[in-house]
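This report concerns only the one structure given below.
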Amino acid sequence: MHKFGVIGNPVDHSLSPMIHNEFAKEFDIEISYEKILSPVDKFNLIAEKFKSAGSSGFNITLPFKINAYNFADDLTADAKAAGAVNTIKIDNNIIFGENTDGKGLINDLERNLDQTL
């Protein structure tokens, strides 16, 4: 089973666990996905603890996207361009940082609102 989560402060409002668990169920993938509330000054400690507990990765919400950028060992071009990370993948103990915010916004505008950018 793969272990995932979303780290934020606040994090109660996040729909990520519901969305990811439903997606996994639809494709018959076993995962656990949890909300992780981090004190504002403890992101690295909380992220490292979750990583050490066997996490395959996690999402990041406010106010930690810049912290996550600095936490990553390797960054995608989108993460570098944004200067922020909202998705962490852990593979062979290497922390990969990605930012999907821009792609998500563009896809939403083009597909749902018929706007061309």
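The values are calculated or read from the model by the stated rules, or taken from the named source; none is laboratory data. A quick note: this is a predicted structure, and the numbers were derived from the prediction, not measured. Positions of Cβ are backbone-derived with ideal geometry, glycine not excepted, and every protein chain shown enters the neighbour counts. Accessible surface areas use protein heavy atoms only, side chains included; no ligands, DNA or RNA. Shrake-Rupley method; radii C 1.70, N 1.55, O 1.52, S 1.80 Å.
What tally of residues in region 63-78 results from selecting those that are buried (at least 17 other Cβ atoms within 10 Å of the Cβ) and closer than 13 Å to Asp101 by Cβ? Selection size over region 63-78: 5. If you scan region 80-94, which residues turn out to be more than 12 Å from the chain's Cα centre (by Cα) and surrounded by 16 or more Cβ atoms within 10 Å (Cβ to Cβ)? Answer for region 80-94, where residues must be more than 12 Å from the chain's Cα centre (by Cα) and surrounded by 16 or more Cβ atoms within 10 Å (Cβ to Cβ): just Ala82. Screening the candidates Lys49, Lys42 for the property of being open to solvent by 90 Å² or more (accessible area, probe 1.4 Å) and out of contact with any Leu (no Cβ under 7 Å at 6 or more places or on another chain) yields one hit, Lys49.
Which residue, of Ile60, Ile36, is more than 20 Å from Asp91 (Cα to Cα) and touching a strand residue (DSSP E or B) at 6+ places or on another chain (Cβ under 7 Å)?
Ile36
Just so you know, in region 2-34 the residues that are open to solvent by 70 Å² or more (accessible area, probe 1.4 Å), aliphatic (A, V, I, L, M) and assigned to a loop (DSSP other than H, G, I, E, B) include one that is nearest to Asn44 (Cα to Cα), and it is Leu15.
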